[in-house]
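Here's the structure we're looking at; comments come further down.
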Amino acid sequence: MSPSPPHSAVLAISDAPATLEPQLRALEDGGFTVETAADGPGALAAVRSHHLLVVVDDRIGTGPVELIRALRSRSEVPVIVLSTSADEQPVVAALEAGADDVIGLPARGRELVARARAAIRRGPEPPAEETVIEIGAVRLDPAGYVVTVAGQGVEMTRKEFELLRLLMANAGQTVPRRTLIERVWGWESTEGKTLDTHIRRIRAKIEADPSRPARIVTVRKVGYRFNRPRP
């Protein structure tokens, strides 16, 4: 198989990439170009615009959570964690830190490739044909990936942006929690802590008083609704 073009590159971050040889080979067989980086500043510096996906080995020295947070502070590239843990807590921690998926090791090759493609499909590039959504003082531009409130730019992570876009596109209607989770993360959660955390962060950025939200309101035991301003 001929090498994939640079824009199909996957960056694998691991202290010992040789231990991931079967998984990395599966990605290459699936059509990706795989690049590797060790844990630490070198790994963060290695993330480039042509990387469509970052794969993190959870055995890295600093631990995956801190690395994921550092990645999220500088890039919205999808992140998959390859985990050796049988416990639930490390998986939840990685997802709440911003990982798009967690796959247990040893990972099956075809499943890893399928999950990688799914994560990339949910990646940060917005559909160019989507129009600007403007409700009251909040303006969301999908093509430019820009949110403004009363004309002032507001920084959003990819997940925050996608949540806000989904709520604004359905303004006035309650969007169920399960729908929000499946559309934005692509996985089901029984606790929904990640969703609630992201909603709190969005409120802190767009509400006049985040403790008494007027734009994004909670519909108890159902979901969230973006309110249209009253006439």
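A short reminder: the numbers here are calculations on the coordinates, not readings from a lab. Being a predicted model, the structure only gives us computed values, none of them experimental. All Cβ positions, even for glycine, are placed from backbone atoms using ideal geometry, and neighbour counts span all protein chains on display.
Just a few scattered comments:
- Relative contact order %, the range 47-182, counting alpha carbon pairs below 8 Å whose residues are six or more apart: 17
- Its relative contact order, with pairs defined as Cα atoms under 8 Å and 6+ residues apart, puts the range 133-226 at 27 percent.
- Per-pair calculated FRET efficiency, R0 = 25 Å: Asp15 and Arg201 via Cβ, rounded to 0.05: 0.20
- Scoring 155-167, 171-183 by mean Cβ neighbours within 10 Å over their residues and listing the highest first yields 155-167, 171-183.
- Ellipticity at 222 nm from helices only: DSSP H runs of n ≥ 4 in the chain, each -39500 (n - 2.57), divided by the residue count, give -10500 deg cm²/dmol.
- As a length-normalised measure over Cα pairs under 8 Å and 6 or more apart, the relative contact order of the range 28-86 settles at 37 percent.
- Taking Ala116, Ala46, Ala86 in turn, the Gaussian network model of the chain (Cα-Cα springs below 10 Å) assigns the largest fluctuation to Ala86.
- Surface/4 estimate of mean projected area, convex hull on alpha-carbon atoms of the range 133-226, nm²: 5.7
- Summing Lys and Arg as +1 and Asp and Glu as -1 over all other residues whose Cβ lies under 15 Å from the Cβ of Arg203 gives a net charge of +2.
- Between the beta carbons of Asp87 and Glu155, assuming R0 = 30 Å, the FRET efficiency works out to 0.35 to the nearest 0.05.
- Radius 12 Å from Cβ of Val113, net charge of other residues (Lys, Arg +1; Asp, Glu -1): +2
- When the convex hull of its Cα atoms is viewed from all sides, the chain shows a mean projected area of 13.7 nm².
- R0 of 35 Å, Cβ-Cβ distance Asp141-Arg48: FRET efficiency to nearest 0.05: 0.90
- Under 19 Å from the Cα of Lys221 - lysines, other chains or at least 8 residues apart: Lys193
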